[in-house]
Number of protein chains: 2
Amino acid sequence: MKIINGNITTPKGFKATGLASGIKQSGKPDLAILLSDTPASAAGVYTTNKTTAAPIRITREHLENPSLRGVVVNSGNANASTGKLGLENAVKMTEFAASKYSLNADDFAVASTGVIGVQLPLETIEAGIEQIEITEDGGSLFADAILTTDTFKKEVCVDVDGKYTIAGCAKGSGMIHPNMGTMLSFITTDASIHPTELHHLLKEVTDVTFNQITVDGDTSTNDTVVVLANGASGVEAGSEFKEALELVMGELARMIAKDGEGATKLIEVEVVNALDFSDARMAAKAVVGSSLVKAAMYGEDPNWGRIMCAVGYSGAEVDPDICDVDLQGIKVFENGTPIEFDVQAMSKELKKDFVKIVIDFKQGAEKGKAWGCDLTYDYVKINALYTT
Amino acid sequence: MKIINGNITTPKGFKATGLASGIKQSGKPDLAILLSDTPASAAGVYTTNKTTAAPIRITREHLENPSLRGVVVNSGNANASTGKLGLENAVKMTEFAASKYSLNADDFAVASTGVIGVQLPLETIEAGIEQIEITEDGGSLFADAILTTDTFKKEVCVDVDGKYTIAGCAKGSGMIHPNMGTMLSFITTDASIHPTELHHLLKEVTDVTFNQITVDGDTSTNDTVVVLANGASGVEAGSEFKEALELVMGELARMIAKDGEGATKLIEVEVVNALDFSDARMAAKAVVGSSLVKAAMYGEDPNWGRIMCAVGYSGAEVDPDICDVDLQGIKVFENGTPIEFDVQAMSKELKKDFVKIVIDFKQGAEKGKAWGCDLTYDYVKINALYTT
């Protein structure tokens, strides 16, 4: 299998697009529809935040029957903390889409992202859905219309040995600390797969991809990943499907981390030789989520003590007195003791826009990775000025 | 009881001071000693971070017999992640102090704060301890010498109905997200109290004061609170002691929050009518710790959706659909629904340097508070440039 140029309409039998309906005052695209030509096996994972946004509650209901025809999404407004009217508005979004394509409302998943606590401009959305024209090559327009403070589109497509394709898009940027669900991501495939198996794989892969990234430690109210498998390739998903799904979701997760609000660097943390897989993941995520580690990386300062500090409070089973730490391939801490390193070489390595941290627990054989970004002036700027 | 001008040498029978020994390149004070004229009942609480700094390991040993004569502290170097040599150096600090006053090493607690992963300059410390001259009014010099990136000294003294006094000092600023223990704080009283009772009260009060503040979510490797009660007033601590201790520790906690690295505002979050005390505290701490809430407050933006988002992921038992939120005394969310508010009045309120957020869970009768600060450009600046 390999990554190819493509987007969520590259798998056969999908159409999509996005447009600027006027929800965003900036005039940027803010409304998107994805449609499968035929009913697709569908699975979703969502935020564990108890302040669950209205669209998630509706999508969860619609997925009780794990088959969907499409997805309708808006950006610029999260439709979260919006009470009963918010729920009614989320249902109406699916009704507008259903009416346009002569389908049922529960054939659609619905997702929203943007400011919390403001009611959706429903007439704007209705007019937008009326205008929208989905096409067979509109996947990138869809990916564009779901963005908020993101600085680039996040799309991946994997060709699975010429048999079928899996593609996904995502939006991230702020309020990124997914737990169980994630920010918005939509994945399509023309492989054929049973929805129960699809849901199982989606959960498993989410845990090692989207759930292992963090931008700011804030678990959103709106995190949603929906995958649609319409079988249009005529090929049954085999044992390779999980690897392909992980490739798509892992790439999207890293793109989200790299495009964290204000970020200038992608940080990858790997914990090796942990007793347990969950210890390795937990510690890696704590390090990549530490404000102090993130600020040090922005300052290109090899302040690795902050790394061991975060390992120590992560909750992972660890003996800090035997650990090693590598920063950009240079050993800075060995057997629980600081060691001399080449400061010049380190300084050069830390100027790169990819930072790799490896912590060796020397306790077992499990490993885990997590991804994040540096903490910069621009993160503060974006979030101090992001208008309600 | 009332707060009076005073410091840790205001209670009878304590002497202290601080000086610039040369650990800090800036030439600021960095070494401090506190001594009780007679053996004092002593209790300590420490960080739960598994990467526990060397001085904490030594202090914990010395407190197995819960009586102390004094405390020796340095700033500018945390003596954490420093291996066996670090432990030896922490012991040596207590030996230098003991030798100076013809006492035993285990009569002293030891604490350090500063950069992680660098060995202590032991000769500098030895020379500093030789020079140091403690006095009966040196409490403020001690408080000054334990600071790092703090911008002001943190001291409180409470006069308990003319019977005895309790005083404390603290340092905070960065890597502040205490869990069980806290940043450095030293508390003295001339009341007489059994060490078991003292330890019990210290833990209880820590949970509602120091453990309820956060600056950046990073639980330090060096958090330590030590309290010394020498009984020099001749008065036995009564039932009022806990309230007085909470007054001292609460004031210090709020000072630390207000002086968070780069902060311009103190934020107090109160959760009321929760089912459980721990739910209330957990939710309050999640809100005050949210990078997005903190950045919004810096931007004076009433983006209260971020408050309900943090409540939702806090882990607290809550039904967001019935909650109310007040920001600066102005209701913005009622019964799970956004409500109109006076934007002009809010804008004026948010310019203040104290922000109060109240979330009503409407489920029970328990309440909890937490304190923090806004997230500013200067937090990033301080932590991107803080040299290893």
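Looking at the range B:249-268, is at least one residue among the small types (Gly, Ala, Ser), out of contact with any helix residue (DSSP H, G or I) (no Cβ under 8 Å at 6 or more places or on another chain) and over 23 Å from residue B:78 (Cα atoms)?
For the range B:249-268, residues among the small types (Gly, Ala, Ser), out of contact with any helix residue (DSSP H, G or I) (no Cβ under 8 Å at 6 or more places or on another chain) and over 23 Å from residue B:78 (Cα atoms): absent.
Name the residues in the range A:77-91 that are touching a Ser or Thr at 6+ places or on another chain (Cβ under 7 Å) and modelled with pLDDT of 90 or more, would you?
A:77, A:79
Check off (1) on the phi > 0 side of the Ramachandran plot; (2) at pLDDT 80 or above for residue B:217 and give me the number that stays unchecked.
With respect to (1) on the phi > 0 side of the Ramachandran plot; (2) at pLDDT 80 or above, residue B:217 is out only on (2).
Go over the candidates A:66, A:11, A:29 one by one and state the one that is in the same structural domain as residue A:187 (by TED's automatic domain parsing), surrounded by fewer than 18 Cβ atoms within 10 Å (Cβ to Cβ) and either at pLDDT below 90 or in contact with a strand residue (DSSP E or B) (Cβ under 6 Å, 6 or more places away or on another chain) (or both).
Of the residues listed, the single one that is in the same structural domain as residue A:187 (by TED's automatic domain parsing), surrounded by fewer than 18 Cβ atoms within 10 Å (Cβ to Cβ) and either at pLDDT below 90 or in contact with a strand residue (DSSP E or B) (Cβ under 6 Å, 6 or more places away or on another chain) (or both) is A:66.
Which condition number in (1) away from every other protein chain (no Cβ under 13 Å); (2) within 30 Å of residue B:40 (Cβ to Cβ); (3) among the hydroxyl-bearing types (Ser, Thr, Tyr) is the one that residue B:221 fails?
Failed condition: (1).
Could you list, in sequence order, the residues of the range A:127-139 that are in contact with a Ser or Thr (Cβ under 9 Å, 6 or more places away or on another chain) and not in a loop (DSSP other than H, G, I, E, B)?
Answer for the range A:127-139, where residues must be in contact with a Ser or Thr (Cβ under 9 Å, 6 or more places away or on another chain) and not in a loop (DSSP other than H, G, I, E, B): A:127, A:128, A:129, A:131, A:135, A:139.
What pairs come up if the first residue lies in the range B:61-86 and is farther than 30 Å from residue B:192 by Cβ and more than 14 Å from every other protein chain (Cβ to nearest Cβ), the second is part of a strand (DSSP E or B) and polar (S, T, N, Q), and their beta carbons are under 8 Å apart, counting only those six or more places apart or on different chains?
That search, which allows pairs on different chains as well, returns B:74/B:112; B:74/B:113; B:75/B:112; B:75/B:113.
Given the residues B:250, B:234, which is the only one that is outside the structural domain of residue B:360 (by TED's automatic domain parsing), modelled with pLDDT under 90, surrounded by fewer than 24 Cβ atoms within 10 Å (Cβ to Cβ) and not in a strand (DSSP E or B)?
B:250
Which one of the conditions (1) within 22 Å of residue A:263 (Cβ to Cβ); (2) over 24 Å from the mean Cα position of the chain (by Cα); (3) surrounded by fewer than 21 Cβ atoms within 10 Å (Cβ to Cβ) does residue A:345 fail to meet, given that it meets all the rest?
(1)
Restricting attention to the range A:324-358, which residues are aromatic (Phe, Trp, Tyr) and in contact (Cβ under 8 Å) with a residue 40 or more places away in the chain?
A:354
Among the residues of the range B:11-35, which ones are among the small types (Gly, Ala, Ser) and closer than 14 Å to residue B:143 by Cβ?
Within the range B:11-35, B:16, B:18, B:32 qualify.
Filter the range B:92-119 down to the residues that are at pLDDT below 95 and either charged (D, E, K, R) or in a loop (DSSP other than H, G, I, E, B) (or both) and list them by number.
B:116, B:117, B:118, B:119
Here are the criteria: (1) free of Cβ contacts under 8 Å to residues at least 40 places away in the same chain; (2) of a type in the set (A, V, I, L, M); (3) outside the structural domain of residue B:380 (by TED's automatic domain parsing). Tell me which single one residue B:292 does not satisfy.
(3)
Let's see how each residue does on (1) in contact with a Pro (Cβ under 9 Å, 6 or more places away or on another chain); (2) touching a residue at least 40 places away in the same chain (Cβ under 8 Å); (3) crowded, with 23+ Cβ neighbours inside 10 Å:
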residue	(1), (2), (3)
A:110	yes, yes, yes
A:123	no, no, no
A:126	no, no, no
A:144	yes, yes, yes
A:152	no, yes, no
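How about the range B:279-384: which strands (runs of 3 or more DSSP E) wholly inside it have at least 2 residues that are away from every other protein chain (no Cβ under 11 Å) and in contact with a helix residue (DSSP H, G or I) (Cβ under 8 Å, 6 or more places away or on another chain)?
Filter on the range B:279-384 gives B:354-360, B:366-373.
Please verify whether residue B:263 is buried (at least 20 other Cβ atoms within 10 Å of the Cβ), small (Gly, Ala, Ser) and over 17 Å from residue B:154 (Cβ atoms), treating the condition exactly as stated.
Spelling it out, it is not the case that residue B:263 is buried (at least 20 other Cβ atoms within 10 Å of the Cβ), small (Gly, Ala, Ser) and over 17 Å from residue B:154 (Cβ atoms).
Test of understanding: among A:41, A:36, which residue is farther than 19 Å from residue A:129 by Cα, small (Gly, Ala, Ser), touching a residue at least 24 places away in the same chain (Cβ under 8 Å) and part of a strand (DSSP E or B)?
A:41
The values are calculated or read from the model by the stated rules, or taken from the named source; none is laboratory data. Just so we're clear, the structure is a prediction, and the values are computed from it rather than from any experiment. When we count neighbours, we look across all protein chains shown, and the Cβ atoms used for this are built from the backbone with ideal geometry, even at glycine.
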